[in-house]
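Only one structure is covered here, and it is reproduced in the block below.
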Amino acid sequence: MAANSRTLEIKVISAENLKLDRKSVKKNASVTVRTDTNSQFCTTDIDTEGGAYPRWNEKLVLDLPTHSKSIIVEVHCKTSSGVRTIGTATVPASDFVGEYVPEGYLHFLSYRLRNHKGERNGIINISVRMKVPEMYACASSTTWSHSTMGFPAAGNKSFGGGVVTGVPVWYGAYQKNY
Amino acid sequence: MGGCFSDVRGGKEAVGGDLPRPTEPNANNDGAHNDAIEFFYRAHGAYPLFTQLELSFSASKLLDLDVTSKSDPMVVVYLKKNDGKLEELGRTEVILNNLNPVWIQKVSAAYQFETVQNLIFRVYDVDTQYHNVPVKTLNLRDQEFLGEGSCVLSEIVTKQNRSLTLTLKGKNGHGGLRNFGTLTVHAEETIASRSAVEIKFRCAHLDNKDLFSKSDPFLRISRTVETGGSIPICKTEVVDNNLNPTWKPLCLNMQQFGSKDNPLVIECFDFNSDGNHILIGKLQKSIADLEKLFKEKSGVNFFIPSSRAGHEKVLKGQLFVDQFCEKEQFSFVDYISSGFELNFMVAVDFTGSNGDPRKPESLHYIDPYGRLNSYQQAITEVGQVIQFYDADKSFPAWGFGGRTANGTVSHCFNLNGNASESEVVGVEGIMAAYANALRNVALSGPTLFGQVVNRAAEIAARSLSSNNNKYYVLLIITDGILTDLQETKDALVRASNLPLSILIVGVGNADFKQMEILDADNGQRLESSTGRIATRDIVQFVPMRDVQSGQISVVQGLLEELPGQFLSYMRSMDIKPLTFNAAAQASPALEIL
């Protein structure tokens, strides 16, 4: 039974080489992340110091409906004349819901931003992780803590060659409807 | 591209303050290398490319060659060079009257990931008087030979507790009926500590040193040395036109700054593209002082030094610490010895431009006298190093651009001719499959990497479901120019956030300039056709040229980067070395020929 939405943990890390009207952005950049169905959106704080290379390192949480195909990332700048959009990037769901990569994998992703004219305007760096759905609550506490998950309980002489015990139940069990 | 202009952008980059290369030398200077030279290179941002290891020894059931007492054994360690000559690395002390000795004296060995380091250990019974005589001066010809063992240094490092037990043999490997006993070698990294600090600096009210604009400040941090001078350990990037700059966080390893109380000199300069950077101000603080500044959220003033002591001019400009965080940094050896693996995969170019394999001019010509062609050389050089880090030595091997038995051109076919399984065993297995494929697959074209990269990415991604201690290395050997650069870029971008590194070796005489774009060393991150940008630079490209004997191979240059790429992936994903329950495991005794 599939849930009708999945929770995404999106960390907005940084952006590079942002320009407004051909000039480098001085300050006050922020990022809005929203679903392509416009059902939800979240915004970071404003970065006052980074200028054209802002850093937020801020985690945003979005519920992505099952039928959603992408999330939209927009970079804005608060200027004296109001909030202006510097650039937008579309993150297809296929980039963080891979066929082979397990759910819960921390995807570090980067995208080209394009302004309203379609011109290239910088790069946005984010990380995306899908949270485990509530019904598999027994495994939901193990959000990819690497050092102890899924390794043989008893000693194995060969490294990684044998069958691994302790693989959480939800791997691959969830039907993807994308 | 030699030109008249310096690389100003390069000059503005941060140096030394990012995640240090995994192969940090020993700061304690055991005399194995020159302190001054090491500091010189570090100040210029270049790191010596090895990790210092200390080998310690114990043995059991040694031969008893003394008549009235037991043997007095000592170990001598040699490195076997490519030409077969032995270079002595060091000796242990002599232990009196003991067939099961545990030596105290350690021998230093520089661990170089990118080469196969053959070590020979010889145990001698010291018969001459060794009291008060430096062990180094003992003439081995006067001593009795007790046994010899050998192994490759990476074999020790990949062992779980970094210990390897060797069965000793007679000289020249002859065992005979005698039991020579065993020798156990244990390796430890000699790095002082695994601690590092990440600091984000900011300045306010800096003086303006530029005429028509504002200063372009950067910081240079130096460590004071005993003689009173200071050695630079890192510098930040340049922030243009800003008297209140914030720089990207610096990561300093304890090896770089010594101890938290060691005074550091922090200088702020105004960058000038002609190289004459003007000092804006300087100050002296230790890491502990900087931590205090962070906690109290206070600033400290810069000053201008003056020739008259006590008359330094205190400036308005201040330094703040906006972030201060201590981290634990594990080394490459930490991961490898805890059970992490490097898994090797190979893809060979079967396009027509290589030339008919039956003709001697062909890049695929297999010489009956055994001289390796460029493909075989690349496979051997990379495979021989990486095989030690791959637990099951089972390597997927593919060809691309060839017409297989069913008549169609494939851009990812199994080299072993098997329809479903792509894996072969050992470097010999790759060579055999390669030779076999040359007989059964017709060279065709065009040159496309995309499918092979996608296959490798798929394998790397799948492995994440069961564990995350595997890192994959794909070697692509090609003679030509890519037909579809964008498709390859797309595949590489999609693979860029997976535990995968791609080494591309160019053979033959083609103009490989296009391949250098894939390498992204000039800072241009790869961009896919969908607007996604590569998370990290996972590709390295090098053209293979004929190598004169004695020179370092260019392929080694590729391999040198691997530990760094491995570490940057593990650290960014916050993956730590595995902690096995060591008590439950016994180190298996290894029979070495």
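Just so you know, in segment B:213-236 the residues that are of a type in the set (A, V, I, L, M, F, W, C) and in a strand (DSSP E or B) include one that is farthest from B:MET254 (Cα to Cα), and it is B:PHE218.
Applying the criterion of being surrounded by fewer than 17 Cβ atoms within 10 Å (Cβ to Cβ) and charged (D, E, K, R) to the residues of segment B:109-141, the residue that is modelled with the lowest pLDDT is B:ASP127. For the residues B:PRO245, B:PRO249, the requirement of being within 14 Å of chain A (Cβ to nearest Cβ), buried (at least 18 other Cβ atoms within 10 Å of the Cβ) and closer than 21 Å to B:LEU279 by Cα singles out B:PRO245.
Listed here are the residues, each with its yes/no results for (1) of a type in the set (S, T, N, Q); (2) within 26 Å of B:SER362 (Cβ to Cβ).
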position	(1), (2)
B:ILE430	no, yes
B:ALA433	no, yes
B:THR447	yes, yes
B:GLY450	no, yes
B:ALA461	no, no
B:ASN467	yes, no
B:ASP484	no, yes
B:ASN497	yes, no
B:LEU518	no, yes
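Scanning segment B:507-527 turns up no residue that is among the basic types (Lys, Arg) and assigned to a strand (DSSP E or B).
Restricting attention to segment B:502-519, the residues being surrounded by fewer than 20 Cβ atoms within 10 Å (Cβ to Cβ) and of a type in the set (Gly, Ala, Ser) number 2.
Does B:GLY310 count as assigned by the TED database to the domain that holds B:LEU243, more than 30 Å from B:PRO563 (Cα to Cα) and touching a residue at least 40 places away in the same chain (Cβ under 8 Å)?
Answer is no for this residue.
Within the set A:LYS27, A:LYS19, the sole residue that is without any contact (Cβ under 8 Å) to a residue 60 or more places away in the chain and either touching a strand residue (DSSP E or B) at 6+ places or on another chain (Cβ under 9 Å) or closer than 24 Å to A:ASP95 by Cβ (or both) turns out to be A:LYS27.
Would you check if B:ASP216 is modelled with pLDDT of 85 or more, acidic (Asp, Glu) and out of contact with any Ser or Thr (no Cβ under 8 Å at 6 or more places or on another chain)? Please lay out each step first, then the result.
Details: modelled with pLDDT of 85 or more: yes; acidic (Asp, Glu): yes; out of contact with any Ser or Thr (no Cβ under 8 Å at 6 or more places or on another chain): yes.
For B:ASP216, the condition - modelled with pLDDT of 85 or more, acidic (Asp, Glu) and out of contact with any Ser or Thr (no Cβ under 8 Å at 6 or more places or on another chain) - is met.
Is it the case that some residue within segment A:44-52 is free of Cβ contacts under 8 Å to residues at least 40 places away in the same chain, in a helix (DSSP H, G or I) and surrounded by 16 or more Cβ atoms within 10 Å (Cβ to Cβ)? Within segment A:44-52 (the criterion being free of Cβ contacts under 8 Å to residues at least 40 places away in the same chain, in a helix (DSSP H, G or I) and surrounded by 16 or more Cβ atoms within 10 Å (Cβ to Cβ)), the answer is no, since none of the residues qualifies. In segment B:443-459, the count of residues that are within 14 Å of another protein chain (Cβ to nearest Cβ), in a loop (DSSP other than H, G, I, E, B) and either in contact with a strand residue (DSSP E or B) (Cβ under 8 Å, 6 or more places away or on another chain) or touching a residue at least 12 places away in the same chain (Cβ under 8 Å) (or both) is zero.
Entry remark, segment B:347-386: residues being more than 18 Å from B:ARG439 (Cβ to Cβ) and touching a Phe, Trp or Tyr at 6+ places or on another chain (Cβ under 7 Å) number 3 in total. Starting from residues that are part of a loop (DSSP other than H, G, I, E, B), more than 11 Å from every other protein chain (Cβ to nearest Cβ) and surrounded by 15 or more Cβ atoms within 10 Å (Cβ to Cβ), keep the ones in segment B:535-582 and report whichever is modelled with the lowest pLDDT. Selected residue: B:SER553. Among the residues making up segment B:460-504, those that are part of a loop (DSSP other than H, G, I, E, B), within 14 Å of another protein chain (Cβ to nearest Cβ) and of a type in the set (Ser, Thr, Tyr) are B:SER465, B:SER466, B:SER496. Can you tell me which residue within segment B:64-82, out of those that are in contact (Cβ under 8 Å) with a residue 12 or more places away in the chain, among the charged types (D, E, K, R) and assigned to a loop (DSSP other than H, G, I, E, B), is surrounded by the most Cβ atoms within 10 Å (Cβ to Cβ)? Filtering first and then ranking leaves B:ASP72. Being within 27 Å of B:THR447 (Cα to Cα), among the polar types (S, T, N, Q) and not in a loop (DSSP other than H, G, I, E, B), is that true of even one residue in segment B:382-392? Checking segment B:382-392: at least one residue is within 27 Å of B:THR447 (Cα to Cα), among the polar types (S, T, N, Q) and not in a loop (DSSP other than H, G, I, E, B).
Is it true that some residue in segment B:419-427 is crowded, with 19+ Cβ neighbours inside 10 Å, outside the structural domain of B:ILE156 (by the TED database), of a type outside the set (D, E, K, R) and over 30 Å from B:ARG162 (Cα atoms)? There is at least one residue in segment B:419-427 that is crowded, with 19+ Cβ neighbours inside 10 Å, outside the structural domain of B:ILE156 (by the TED database), of a type outside the set (D, E, K, R) and over 30 Å from B:ARG162 (Cα atoms). Scanning segment B:459-511 for residues that are among the charged types (D, E, K, R) and either within 26 Å of the chain's Cα centre (by Cα) or modelled with pLDDT under 90 (or both) yields B:ARG462, B:LYS470, B:ASP484, B:LYS489, B:ARG494, B:ASP511.
Against the numbered list (1) within 33 Å of the chain's Cα centre (by Cα); (2) touching a residue at least 60 places away in the same chain (Cβ under 8 Å), B:GLY281 comes up short only at (1). Only one entry of B:VAL76, B:VAL67, B:VAL107, B:VAL116 meets the criterion of being more than 29 Å from the chain's Cα centre (by Cα) and hydrophobic (A, V, I, L, M, F, W, C), and that entry is B:VAL67.
The values are calculated or read from the model by the stated rules, or taken from the named source; none is laboratory data. The model shown is predicted, which means the values in this text are computed figures rather than measured ones. Positions of Cβ are backbone-derived with ideal geometry, glycine not excepted, and every protein chain shown enters the neighbour counts.
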